[in-house]
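Working notes for the structure below.
The values are calculated or read from the model by the stated rules, or taken from the named source; none is laboratory data. If you're wondering where the values come from, they're calculated on a predicted model, not measured in any experiment. Neighbour counts run over all protein chains shown; Cβ positions are idealised from the backbone, glycine included. All accessible areas refer to the heavy atoms of the entire protein, side chains included, with ligands and DNA or RNA removed. Shrake-Rupley method; radii C 1.70, N 1.55, O 1.52, S 1.80 Å.
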Amino acid sequence: MSDDSRPAPAAAARTAAVIPAAGRGVRLGPGAPKALRSLGGTPMLIHAVRAMAASRAVSLVVVVAPPDGAAEVKSLLDAHALPGGTPSGSWGRTDFAVVPGGESRQESVRLGLEALPPGYDIVLVHDAARPLVPVDTVDAVIEAVRDGAPAVVPALPLADTVKQVEPAAVPGDPEPVVATPERARLRAVQTPQGFDRAALVRAHETVTGDVTDDASMVEQLGLAVVVVPGHEEAFKVTRPLDLVLAEAVLARRRLNDGF
Ligand code: C5P
């Protein structure tokens with residue numbers, strides 16, 4: 001066997017990030033699509049792209065834009081390129097591409113995956129709605145995929161006890177409790193979730209039911225999914241109060257960075 005025919009070492013696997021950003025974010029109230037809402041004067045999506053590009057391992061970011069907003073999102077990314085100016089479609093060592101999204105998050109992720117060129121063996125899927133995830137969390141997820149896990153999710157223990165209920169037919173009516181899962185064994189899952197690309201592609205080809213995260217699709221294939229520690233700053237901006245918290249986190253970072 002010649003040296004050239006050996007598989008590349010795992011550490012050389014290239015990593016791309018897919019950012020689904022096509023949701024309207026109705027729970028946040030009326031206004032622009034959620035990913036385009038401002039946080040500290042910068043659109044949430046730009047924070048999310050920067051969070052992925054902050055990892056030295058990530059060399060491509062594919063943003064999945066609202067179906068009618070791909071051109072606007074592309075201009076936005078160009079406008080926020082690193083100081084010094086880089087060619088359109090690139091932020092320094094990180095390339096980016098924009099594709100239009102779909103009706104569901106799942107469809108948006110699939111469209112992003114289809115846009116990935118060959119050569120990227122590790123794929124991160126990261127919600128635009130989690131703009132403040134620290135780079136150490138991103139790197140920990142990539143590291144665990146490099147170590148051989150087909151799917152990796154960052155997650156945190158729960159503060160609240162969780163009840164499983166029989167949902168009420170009329171919102172606001174009392175709901176019977178069916179079960180109380182043991183809190184110590186539960187984790188609240190965040191993004192970026194990291195995948196062996198082939199496993200994620202197969203999951204999207206095979207699993208048709210509605211899911212709220214990508215790792216559960218890989219789970220349904222019977223493949224191992226592992227959890228690594230998440231971070232409290234990787235919370236999802238869903239409701240108006242989350243915007244207040246995100247602004248506070250940004251203000252604290254600016255203070256710590258000496259701005
Ligand atoms: O609705 P939810 O908060 O779970 O959305 C998570 C992420 O999925 C958001 O970043 C949102 O923009 C994205 N999404 C998408 N396409 C959809 C619905 C949601 O890209 N059709």
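Observations
- Any hit, segment 165-173, residues being open to solvent by less than 70 Å² (accessible area, probe 1.4 Å) and either in contact with a Ser or Thr (Cβ under 7 Å, 6 or more places away or on another chain) or of a type in the set (G, A, S) (or both): yes
- Filter pass, D173 being among the acidic types (D, E) and more than 25 Å from A17 (Cβ to Cβ): yes
- Per-region count, segment 215-259, residues under 16 Å from V135 (Cα atoms) and of a type in the set (G, A, S): 2
- The residues on offer are P176, P157, and the sole one that is in contact with an Asp or Glu (Cβ under 6 Å, 6 or more places away or on another chain), more than 24 Å from Q106 (Cα to Cα), away from the ligand (no atom under 16 Å from the Cβ) and open to solvent by 50 Å² or more (accessible area, probe 1.4 Å) is P176.
- Taken as a whole, the structure places V152 among residues that are buried (at least 22 other Cβ atoms within 10 Å of the Cβ), away from the ligand (no atom under 15 Å from the Cβ) and either part of a strand (DSSP E or B) or without any contact (Cβ under 8 Å) to a residue 24 or more places away in the chain (or both).
- Residues being within 25 Å of F235 (Cα to Cα), in a loop (DSSP other than H, G, I, E, B) and not polar (S, T, N, Q) - total across segment 155-181: 6
- One residue alone among R105, R197, R110 is touching a strand residue (DSSP E or B) at 6+ places or on another chain (Cβ under 8 Å) and open to solvent by 60 Å² or more (accessible area, probe 1.4 Å), and that residue is R105.
- Flag for R183 being closer than 19 Å to L158 by Cα and touching a Gly at 6+ places or on another chain (Cβ under 9 Å): no
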